[in-house]
Amino acid sequence: MRMPRVSPRELRRHLNVRRRFRRLYGESPGQLLLLLASFALCGYAGVRLLAGDWPLIVLWFVGAAVLHDLVLVPLYTLGDRAVRAALARPRRPVPRAGVNHVRVPAFLSLLLLLVYWPLVLRTPEPYEPATRLDIDVFLGRWLLITAALFAVSAGWQLVRAWPDLWSRRPKAPWRRPRPAPSPGRLSDP
């Protein structure tokens, strides 16, 4: 089967349409299709989820959005600015990698706290029989996991910065290369 020949004019017209679409939308048509498919999937899941007790679920989603936007985003911003101020050096920009080595373990630790907060805060009623564990172990384990996350992140930062640490050090005088003698001048014995 032969492929149909496309004239250069038709090809340029096709490429112009794609460029115009990218300029107007900002991304490719494939990204838009993927986004629409994900919205359709979420809509289907929402219809299935809301088939039962929908007023409480809608209230929970709205409350979570308001709590996130009005309380948590300002807290994220304050925390980020505090980390940037702690890592700032005079006349040098704050290294993005250094800030990210604090952001990632903090995010994972807070995510674990969000998932397990009733157990970490020792609310025993419906949870202790389900876990079959003593309620007092969760706070210590969460603190250990948090410390381990920050330790791994600090170790990773040290591994990444290791070559820079050695290259910025001034070399010992016996390791510095001697300047080459200038032509026409005798070198010192």
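Remarks
- The listed residues are 19, 91, 84, and the only one of them that is over 27 Å from the mean Cα position of the chain (by Cα) and open to solvent by 70 Å² or more (accessible area, probe 1.4 Å) turns out to be 19.
- Note on segment 111-124: residues that are under 13 Å from residue 145 (Cα atoms) and open to solvent by less than 100 Å² (accessible area, probe 1.4 Å) total 4.
- Qualifying residue in segment 59-79 (condition: open to solvent by 90 Å² or more (accessible area, probe 1.4 Å), more than 23 Å from the chain's Cα centre (by Cα) and aromatic (Phe, Trp, Tyr)): yes
- Selected residue (criterion: modelled with the lowest pLDDT) from residues of segment 22-32 that are part of a helix (DSSP H, G or I) and loosely packed, with under 11 Cβ neighbours inside 10 Å: 23
The values are calculated or read from the model by the stated rules, or taken from the named source; none is laboratory data. These numbers come from a predicted model, not from an experiment. Backbone-built Cβ (ideal geometry, glycine too); neighbour counts: all protein chains shown. Heads up: the accessible areas ignore ligands, DNA and RNA and are worked out on the full protein's heavy atoms, side chains in. Shrake-Rupley method; radii C 1.70, N 1.55, O 1.52, S 1.80 Å.
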